[in-house]
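The values are calculated or read from the model by the stated rules, or taken from the named source; none is laboratory data. Predicted model only: the values in this text are computed from it and were never measured. Because the Cβ atoms are built from the backbone with ideal geometry, glycine has one as well, and the counts that use them run over all protein chains shown.
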Ligand SMILES: Cc1ncc(COP(=O)(O)O)c(C=O)c1O
């Protein structure tokens, strides 16, 4: 196994940083001038881009992004999945123009026909019979968690260490001593002690799940079908089925968030793997870049909620904590309809998955050739390399393999050679416009920049 030479890494990183700074004077100037923005960026995560300042967007189409310095990139970040349909897909743009311009009525608090079409399509893909819309996956999770608590009369949510489900207070938890959940490092001012709202378990460890559920206070297990926010950590055979059985045995709901794992296929991982959640959550990509999100619930969950709303002890029609003014608006639902109908089609998924398979093989070939102690995982159209071999089995193992210096080097070296990887770890996503030549470019550049490191 080849060892990493930190001195060499530091020198390579410095050279990439200098090249990045030199090649992007306009982005650097704009960043320096942005003194009226908190952290100098429109949203604080935009400081995640390595290199001291982010690239400023000029334009983007398909899987190409051009910055204000005139550099064009093959984009594998795709807005961290928000642009899985590609940037500004033609069908989505046409539907948005029609609704916003021709018809008018971006947001009216009135239903439009599109929402019904989208609900039926989401049922066809993911199987849940009843749908409601939001403007983000975070909100879909938040509102669905409230419904899960109402339906079960239980206070807690079970999550996995190093999961991410948006800025959902309950989810920033790690398993602590005595079976109590504790706050994850960096959690910004949690409103209450996490132990009051959450139980935390370890991914791929059904014993830890059972121990948490046995307390009898878990309303829902909230999980992705594969962890995707600490690298990709795939479920081992039997793990997802085990979650379903344990949830049923202990009277908890199974809530599956496919915001990222939708990459697994046209009907997400739940269709690919035959999973049966009680609540389903999705967001980001299904509106082709227009703000959207959705949750689907089973009839049993709906009935349990309705019993409370009819009894008058919960209000989902007025300001009871579920819903939002702009959610389900006509622009968002028009965008979802066009994107699902014409862009994120079965043929698009087949193409994207094939390319991700080639991407993964290209990365693996370099790792094998240079005997690099890393691994690469794939979930449909998404692939990710991680600095551990064998691939981590849990969030804790994957977190232990994190390396900010390596991340920074790889991100910058890629950007300097015309490739954008997601700024969070090393995820690459294919979109319908990604080509074999784009993937081959990554394979070549990956060999070059990893080769420079493990000479
Ligand atoms: C699995 C999952 N759920 C929910 C979210 C939250 O999405 P948003 O930030 O669009 O609300 C994310 C964001 O990365 C996610 O990865």
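Matching residues to (1) under 20 Å from residue 6 (Cβ atoms); (2) in contact with a strand residue (DSSP E or B) (Cβ under 9 Å, 6 or more places away or on another chain):
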site: 365; (1), (2): no, no
site: 385; (1), (2): yes, yes
site: 395; (1), (2): no, yes
site: 415; (1), (2): no, yes
Just wondering, is there one or more residues in region 27-34 that are in contact with a strand residue (DSSP E or B) (Cβ under 6 Å, 6 or more places away or on another chain) and surrounded by fewer than 16 Cβ atoms within 10 Å (Cβ to Cβ)? no
Looking at this structure, is residue 95 away from the ligand (no atom under 16 Å from the Cβ) and buried (at least 20 other Cβ atoms within 10 Å of the Cβ)? yes
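Could you please let me know if residue 265 is buried (at least 24 other Cβ atoms within 10 Å of the Cβ), farther than 18 Å from residue 146 by Cβ and within 22 Å of the chain's Cα centre (by Cα)? Don't jump to the end; show me each part of the working.
Values: buried (at least 24 other Cβ atoms within 10 Å of the Cβ): no; farther than 18 Å from residue 146 by Cβ: yes; within 22 Å of the chain's Cα centre (by Cα): yes.
When the stated conditions are applied, residue 265 does not pass them.
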Condition broken by residue 425, with the remaining ones in (1) at pLDDT 95 or above; (2) closer than 25 Å to residue 268 by Cα; (3) crowded, with 20+ Cβ neighbours inside 10 Å satisfied: (1)
Any chance residue 338 is assigned to a helix (DSSP H, G or I) and either farther than 27 Å from residue 227 by Cα or touching a strand residue (DSSP E or B) at 6+ places or on another chain (Cβ under 8 Å) (or both): yes
Scanning region 77-92 for residues that are within 16 Å of the ligand (Cβ to nearest atom) and farther than 15 Å from residue 57 by Cβ, which turns out surrounded by the fewest Cβ atoms within 10 Å (Cβ to Cβ)? 81
Elements of type strands (runs of 3 or more DSSP E) contained in region 117-233, each with 3 or more residues being within 26 Å of residue 285 (Cα to Cα) and in contact with a strand residue (DSSP E or B) (Cβ under 9 Å, 6 or more places away or on another chain): 130-134, 156-160, 218-223
Selection count, region 265-294, where residues are away from the ligand (no atom under 11 Å from the Cβ) and in a strand (DSSP E or B): 3
Kindly indicate whether residue 307 is away from the ligand (no atom under 13 Å from the Cβ), surrounded by fewer than 15 Cβ atoms within 10 Å (Cβ to Cβ) and touching a residue at least 40 places away in the same chain (Cβ under 8 Å). no
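Suppose we filter 239, 262 for residues that are touching a helix residue (DSSP H, G or I) at 6+ places or on another chain (Cβ under 9 Å) and more than 13 Å from the ligand (Cβ to nearest atom); which single one remains?
239
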Buried (at least 24 other Cβ atoms within 10 Å of the Cβ), in contact with a strand residue (DSSP E or B) (Cβ under 7 Å, 6 or more places away or on another chain) and at positive phi: is that true of residue 283 in this structure? no
From 171, 137, 161, 144, residue being without any contact (Cβ under 8 Å) to a residue 60 or more places away in the chain, surrounded by 21 or more Cβ atoms within 10 Å (Cβ to Cβ) and under 18 Å from the mean Cα position of the chain (by Cα): 171
